[in-house]
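In what follows, a single structure is set out as structure tokens and then discussed.
The values are calculated or read from the model by the stated rules, or taken from the named source; none is laboratory data. What you see is a predicted model; the values in this text were computed from it and never measured. Neighbour counts run over all protein chains shown; Cβ positions are idealised from the backbone, glycine included. Note: areas computed on protein heavy atoms with side chains; ligands, DNA, RNA excluded. Shrake-Rupley method; radii C 1.70, N 1.55, O 1.52, S 1.80 Å.
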Amino acid sequence: MHYFIHGKTRAYPRASEFFTGDYLAMGGQIVDATLVAAPKQRNTDAEKAAIKEGKTAAEIWPDEPARAAQKDVDARWTLKFGKGRPAANGKPQIDIAIPSFGYKSSISICRAFGFIRKGKVTDGAKFDGRAA
């Protein structure tokens, strides 16, 4: 397999080309997303509404800087789906939905060499589609 980079054909790309974006993976890539748990927040209804409006912790708790420093206003709730084990008679079970609070860590790696191409951390409720 040869790679076409900067108008030249080479057998293997240089490591620096992976990180500058000059490398195009022709052999494929592997994309994976993992949910990373965050401590659950105990907020009142008014505080939850302020968080959903996009306010920062310092804006929500201006008189309590220590409390604002410990609050995570970027994490979100999402559902993680898993397969139920088959019953003893072999009948398949329904999917299980598990609520999860935290972040989603997405990564894209080159299949051929294992280099990390992109990494992104978003809130847990972010759609898994194209990570721009």
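Accessible area ranking (1.4 Å probe, heavy atoms, ligands and nucleic acids excluded), largest first, for PHE127, PHE101: PHE127, PHE101. Electrostatic bookkeeping for PHE101 treats Lys and Arg as +1 and Asp and Glu as -1; over the other residues with beta carbon under 11 Å from its beta carbon, the sum is +1.
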